[in-house]
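Scroll down for the structure; my scribbles are underneath it.
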């Protein structure tokens, strides 16, 4: 297919001085072949002026474009002719000119002398003079001028050299270098992979493109040809292209796989999000139902406890308000159960008195022994006189009681045996009454404690099952202290029971006192939260409710403390007490092995919790409010200064804590060792070793602990000598003679006992009541 530029010269309508190749390159939109045309492929048509391969519409457009080219401004046409007719020597770079009339010669000399070179056209456009406005003229004269100029251009082109003469190209036929290039090289796709000796560059629009007025022409692509040396063949290039295409396909496939995987993951995330929302909704429903059931159960328990308290109020007793002058005090009144026991005790006493009186009468009727009848004694004469006096007084007007008749020996022994049996039965009944009285006293203590708890719960502001910190549901009150309340709560997040201790500051306190109390509580929290031991109550959480209220969440233990157990049972067996002491010492050893070590300083039965409420189970230590941290700054060789002298429970503190001087006393972990000895003594004997039945004020005023140089053991109950020796080591008066925690943990009494067999020298390890092992056995048993 040939365009209007590629047709034979007989059919061309453009001026002959325009090279066909360059016109096709300059106006690619008018070239139908899409590449640089070759005139050798043109087929002349004598009978038609239209290229047979050119569509009529496109040919019409080409004719219009050529008409516009002929109607160019003379100056622009001259510049365009000069661009394509300028001659420059390719080897020397000297410039030449071709004059076309006087006016054309002037223009070429000024701006277009070097346009024949193959350099960039953009470098020459800057030297082109600006377009001067031409005077308007009539259209017919304009057409004549254009025709004359066109003919003049033809004559000039005819007289000048061919444009192919100005290219240094070794084609062999003297034709244009572009025409000598193979079609594969002349294609725009292969212009960068193959090189030729010449290069044609166009960096700026052609002046011819500006001559079309309002019809802009697309700028042709830049053609660049370079000479390179390579060992690549077409096969290698095809292989590289194939590998590149394969890599590209793999990458595209990988991208598609990743996109599909990403879509799957997004779909899974969406599904998981929906599932998560579903589970959250279900969890919220479960939490709401749990709260409802827990509140319902707690309400029922509260009602049951109050009903039971009202029933026990009549049976066990109640508090009554009694007026003493201008004040009112509460006084306890026993119930009918205690009154019945009192009546039974009175009846037993009366029966005993009757038996004793009858036994005295029986002694008067005791028959004389057989030995006395055979050998009358010296006292027989006074008796005979007495009998005569009685018999001679028959005529006396006053009646005298008759003497009891003497019983036979068998009758006397029979009555004596009956009286002994009755006395034994009364003693048994009295023992039963005493046991029942002790049992009722224990129940009464529980009843009194429950009455106080109910009263405190009814007066508490947290009685209506609030949820603290959106997590802890308060169920019922466990106890109340000076400035705190302990509630049994349920952790809705962890689904477990917990003990919430609510600290309430007095609103009338000064800010300084509130700050000190809060600092003290925060210190306890910092100490306690780092502890992790099975014999120490865990601290779960700490939060504030308002400026005057904050809470600590502790591990919940179902049983009571050791103090309550001792009040109920007075004492316990040595095995049970030893088990409790072993667990306490184990916890103290942990407190002294961590860094920095910790002194509890407030060990007492009230701070030892029985997990299941019995003495034969596990225990846990709580309340680290008075604990001391033995850091390097405050702890020396002699111990650390006691900055809180006067605090604590006096019955369980050693003598060095009561020393008053210019400097504060020095304490160490031996304070806790003394407390262990006091607790062990109280568990065994049911009383405190020092200051029993004394108040703390009396202990402080009378210096009871300072005078406790030696411990005295009661006769009953019977305790082993090893236990007494262990207590003496714990209660040594001088702290230098007292064991520390590490020595106490390795005490032989707390370890399995060593005994030597009688028949052999083998050692056997047994417990307190271990069964005997075979004498020939050398196996160590626990």
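A short reminder: the numbers here are calculations on the coordinates, not readings from a lab. These numbers come from a predicted model, not from an experiment. Here Cβ is always computed from backbone atoms with ideal geometry, including for glycine, and neighbour counts include all displayed protein chains.
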Mean 1/r over all different Cα pairs, inverted: what Kirkwood radius does the stretch 485-585 give, in Å? 16.1 Å
Using 0.36 nm per residue of separation minus the Cα-Cα distance, give me the extension gain between residue 275 and residue 483 in nm, one decimal. 70.2 nm
Taking square-rooted eigenvalues a ≥ b ≥ c of the alpha carbon gyration tensor, is the stretch 532-609 rounded, prolate or oblate, where a/c under 1.5 means rounded and, failing that, a/b exceeding b/c means prolate? oblate
Compare the peptides 295-303, 488-496, 617-625 by average per-residue count of other Cβ atoms within 10 angstrom and give them in order, highest first. 617-625, 488-496, 295-303
Quick check: the distance between the Cα centres of the stretch 232-263 and the stretch 564-623, to the nearest angstrom? 76 Å
What's the extension gain from residue 356 to residue 660 if we count 0.36 nm per residue and subtract their Cα-Cα distance? 103.4 nm
Scattering profile of the stretch 562-751 at q = 0.11 Å⁻¹ [log10 I(q)/I(0), Debye over alpha-carbon scatterers]: -0.46
For residue 721 and residue 618, compute 0.36 nm times the residue count separating them, minus their Cα-Cα distance, and round to one decimal in nm. 34.5 nm
